[in-house]
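Beneath this line is the structure, given in structure tokens, with notes to follow.
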Amino acid sequence: MLILGLDPGLGTTGWGLIEANGNRLSHRANGRLKTDTSAPLPNRLAHLDMMLTALVADHAPAAAACEEVFVNANAQSTLKLAQARGVVLANAARAGLIVGEYAPTLVKQAVVGTGRADKAQVHGMVSRLLPGTTIDGPDAADALAVAICHAHHLASARRGA
């Protein structure tokens, strides 16, 4: 099953595509979708939506997973992140994908073993879990971690059923 992991952001949305066959995970692709910081907000959101539509059409994932919004000290940044996340969720739903949603601490727990891992630890474990993968920066690493978390939760649900 191809799983698309998404780490939403208005400036940069990370994405990672993995294939899950039972307990085996393999890397398919990863990258970053960037919007023009000088463009008006509606245009940036529309551009993000168009890039996501092309990404889903190119790779045809069977499932998607998205990181939940964490609240930070800057309310304006949190609001922009939430708007980008809304575009990500709506786009995946429009494509017919059911989206798993995971808190950042749960993603870190699933990949690193602790919910308080830093970005370098997440990146390092993603590299170990998907050997030989060239990761396109921290946003892509986070997106791959979200996809790995989703694969683990789907496998657990199958075992429990």
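The values are calculated or read from the model by the stated rules, or taken from the named source; none is laboratory data. Owing to the predicted nature of the structure, the values given are computational and were not obtained by experimental measurement. Positions of Cβ are generated from backbone atoms using ideal geometry, with glycine treated the same way; all protein chains shown enter the neighbour counts.
The single condition among (1) loosely packed, with under 11 Cβ neighbours inside 10 Å; (2) at negative phi that G132 does not meet is (2).
For the range 113-141, the set of residues classified as farther than 19 Å from F70 by Cα, small (G, A, S) and not in a helix (DSSP H, G or I) consists of G113, G132, G137, listed by residue number.
Of all residue pairs spaced 6 or more apart or on separate chains, those with beta-carbon atoms under 7 Å, a first member in the range 132-161 that is under 16 Å from N23 (Cα atoms) and touching a residue at least 60 places away in the same chain (Cβ under 8 Å) and a second member that is of a type in the set (A, V, I, L, M, F, W, C) and assigned to a loop (DSSP other than H, G, I, E, B) are L144/L130; L144/I135. Is at least one residue of the range 129-142 over 25 Å from G11 (Cβ atoms), out of contact with any Leu (no Cβ under 8 Å at 6 or more places or on another chain) and not β-branched (V, I, T)? Yes: the range 129-142 contains one or more residues that are over 25 Å from G11 (Cβ atoms), out of contact with any Leu (no Cβ under 8 Å at 6 or more places or on another chain) and not β-branched (V, I, T).
Checked against (1) at pLDDT below 95; (2) over 14 Å from V99 (Cα atoms); (3) not aromatic (F, W, Y), E67 passes all but a single condition, namely (2). Once the range 74-85 is narrowed to residues that are under 17 Å from A143 (Cβ atoms) and at pLDDT 95 or above, the residue that is surrounded by the most Cβ atoms within 10 Å (Cβ to Cβ) is A84. Pairs linking a residue in the range 97-126 that is surrounded by fewer than 18 Cβ atoms within 10 Å (Cβ to Cβ) to a residue that is basic (K, R), with Cβ atoms under 8 Å and 6 or more positions apart or on different chains, are T105/R116; T114/K108; G115/K108; R116/K108; Q121/K108.
When the range 1-48 is examined, which residues are found to be free of Cβ contacts under 8 Å to residues at least 12 places away in the same chain and not hydroxyl-bearing (S, T, Y)? Within the range 1-48, R24, D36, A39, P40, P42, N43, A46 qualify.
Note on the range 88-134: among residues that are of a type in the set (D, E, K, R) and at pLDDT 95 or above, the one that is farthest from S26 (Cα to Cα) is R94.
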